[in-house]
Amino acid sequence: MVAGDLLDRARAGDGQAFRELTEPYRRELQVHCYRMLGSFQDAEDALQDTMLAAWRGFGGFQGRASLRTWLYRIATNRCLNARRSAGRRHAREWDIPNVEPPEPTGLGEVVWLEPFPDALLEEDVAARPEARYEQTEAISLAFVTALQLLPPRQVAVLVLRDVLGFRTDEVAGMLDATQESVKSALKRARATLRPVPPPAAAPADAAEGTVVARFVRAWEAADVGALVTLLTDDVFMSMPPIPFEYRGRDVVARFCAAIFRAGRRFDLVATRANGQPAFGAYLRTPSGLRLGTGLYVLALDGGRISAMTRFDDTVLPSFGLPPSLPAS
């Protein structure tokens, strides 16, 4: 009865009733938009567009599908429009002064990738049997990056079916497609993603804490030798929006050595992103002021660091991190 009353009031233009009905879904819709778009800022924009479109169109909501399904339909199509029309961020040239990086082993395509703050993550609504991905896997940087390389419609189908567990007929309704076309798109998306290895089982909290503490000590001390002992043989490093990628312990060690050789020293502030340990990096200056230069996100495998992604300083506000720290 309460829900029915809220529905009637929202359809009549009551903004408070609309907010009460839709607020429980806001956070999961934000995560959905992030998976679709790979950019935290783009996801924020798509979420706002979704809620505005839902508010304007609520008078036409007849309840033939659940409110959650109706909202996902709007959000998915807003994200598809964004992926088709948006001018993605261009790759940025190397711009760290006095640092000559080694030759990259590859160039990344997804230069618009941004991290998602764990503080904004909530458990997804209980997945149906059709869902194939655990939440931790489905928000990892590796998975989100892989999604960005798929055609937009395949991304939508795979996320709706395999991450969120919507039925094929529901996905077809959301996309104004046939069930056969949904099944075909899902098959192609799964085949493309198959080579992407799933993340290793998360280490126990104590083991993760040990690795993280050792990383902080090594990075803040500019101790390349100590850092190397923490890396897997095939460790992967990337730094969107700069496209440079490095794979392998030796070349990642040489990259870190180039940073430290330039006299750059940092203090790290712990946070979490995409279900992974992360750190705001603050460059020490002669005045004592420490300037925010970026955010590092680590992936762990068997007590070692298997991937390290460096983002620029524009992502710090999303994590509640200040642009600078006072002199210590």
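The values are calculated or read from the model by the stated rules, or taken from the named source; none is laboratory data. Computed from a predicted structure; not experimentally measured. A quick note on method: Cβ atoms are made from the backbone with ideal geometry, for glycine too, and the neighbour counts reach across all protein chains shown.
Give just the number: which of (1) charged (D, E, K, R); (2) more than 22 Å from the chain's Cα centre (by Cα); (3) exposed (fewer than 14 other Cβ atoms within 10 Å of the Cβ) does R92 not satisfy?
(2)
Looking at G165, is it among the small types (G, A, S), more than 21 Å from the chain's Cα centre (by Cα), within 30 Å of T76 (Cβ to Cβ) and not assigned by TED's automatic domain parsing to the domain that holds S306?
Considered against the rule, which asks whether it is among the small types (G, A, S), more than 21 Å from the chain's Cα centre (by Cα), within 30 Å of T76 (Cβ to Cβ) and not assigned by TED's automatic domain parsing to the domain that holds S306, G165 comes out as no.
Of the residues A12, A53, only one is in contact with a helix residue (DSSP H, G or I) (Cβ under 6 Å, 6 or more places away or on another chain), assigned by TED's automatic domain parsing to the domain that holds M174 and either surrounded by 14 or more Cβ atoms within 10 Å (Cβ to Cβ) or aliphatic (A, V, I, L, M) (or both); which?
Details: A12 fails: in contact with a helix residue (DSSP H, G or I) (Cβ under 6 Å, 6 or more places away or on another chain).
After ruling out the rest, the residue left standing is A53.
Do you know which residues across the range 136-171 are in contact with a Ser or Thr (Cβ under 9 Å, 6 or more places away or on another chain) and of a type in the set (K, R)?
The answer is R153, R161.
Do the conditions hold for R254, that is, is it under 25 Å from the mean Cα position of the chain (by Cα), surrounded by fewer than 19 Cβ atoms within 10 Å (Cβ to Cβ) and either farther than 16 Å from S140 by Cβ or among the aliphatic types (A, V, I, L, M) (or both)?
Against the criterion (under 25 Å from the mean Cα position of the chain (by Cα), surrounded by fewer than 19 Cβ atoms within 10 Å (Cβ to Cβ) and either farther than 16 Å from S140 by Cβ or among the aliphatic types (A, V, I, L, M) (or both)), R254 does not qualify.
To keep it simple, each residue is scored yes or no on (1) charged (D, E, K, R); (2) in contact (Cβ under 8 Å) with a residue 60 or more places away in the chain.
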| site | (1), (2) |
| --- | --- |
| R11 | yes, no |
| E28 | yes, yes |
| G59 | no, no |
| A65 | no, yes |
| E103 | yes, no |
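Search the range 229-249 for residues being more than 20 Å from E100 (Cα to Cα) and of a type in the set (A, V, I, L, M, F, W, C), and hand back the single one that is surrounded by the fewest Cβ atoms within 10 Å (Cβ to Cβ).
L230
Examine the range 288-298 for a residue that is in contact with a Phe, Trp or Tyr (Cβ under 6 Å, 6 or more places away or on another chain), under 25 Å from E93 (Cα atoms) and among the basic types (K, R), and state whether such a residue exists. Can you show your working first?
Within the range 288-298, the first condition is being in contact with a Phe, Trp or Tyr (Cβ under 6 Å, 6 or more places away or on another chain), and the residues that meet it are 290, 292, 294-296.
With under 25 Å from E93 (Cα atoms) added as a condition, the list becomes 290, 292, 294-296.
If we keep only those that are among the basic types (K, R) as well, we get 290.
Yes: the range 288-298 contains one or more residues that are in contact with a Phe, Trp or Tyr (Cβ under 6 Å, 6 or more places away or on another chain), under 25 Å from E93 (Cα atoms) and among the basic types (K, R).
Would you check if there is a residue in the range 202-223 being at pLDDT 95 or above, surrounded by 14 or more Cβ atoms within 10 Å (Cβ to Cβ), out of contact with any Ser or Thr (no Cβ under 8 Å at 6 or more places or on another chain) and not in a helix (DSSP H, G or I)?
The answer is yes, given that some residue of the range 202-223 is at pLDDT 95 or above, surrounded by 14 or more Cβ atoms within 10 Å (Cβ to Cβ), out of contact with any Ser or Thr (no Cβ under 8 Å at 6 or more places or on another chain) and not in a helix (DSSP H, G or I).
Are there any pairs with C-beta distances below 8 angstrom linking a residue in the range 158-175 that is free of Cβ contacts under 8 Å to residues at least 12 places away in the same chain to a residue that is surrounded by fewer than 24 Cβ atoms within 10 Å (Cβ to Cβ) and part of a loop (DSSP other than H, G, I, E, B), with the two at least 6 apart or on different chains, and if so which?
Short answer, once both residue conditions are applied: A172/T178.
Examine the range 78-97 for a residue that is of a type outside the set (D, E, K, R), closer than 24 Å to G15 by Cβ and assigned by TED's automatic domain parsing to the domain that holds P151, and state whether such a residue exists.
Looking through the range 78-97, none of the residues is of a type outside the set (D, E, K, R), closer than 24 Å to G15 by Cβ and assigned by TED's automatic domain parsing to the domain that holds P151.
Could you please find all residues in the range 305-328 being crowded, with 17+ Cβ neighbours inside 10 Å and under 27 Å from D205 (Cα atoms)? Break it down into steps so the answer makes sense when it comes.
As a first pass, look at the range 305-328 and keep what is crowded, with 17+ Cβ neighbours inside 10 Å: 305-313, 315-316, 318-319, 321, 325.
Scanning the range 305-328 gives I305, S306, A307, M308, T309, R310, F311, V315, L316, S318, F319, L321.
Name the one entry in L71, L52, L47, L37 that is of a type in the set (A, V, I, L, M) and under 16 Å from Q148 (Cα atoms).
Unique residue meeting the criteria: L37.
Tell me, which residue of the range 176-199 that is under 20 Å from the mean Cα position of the chain (by Cα) and hydrophobic (A, V, I, L, M, F, W, C) is modelled with the highest pLDDT?
The residue in question is A189.
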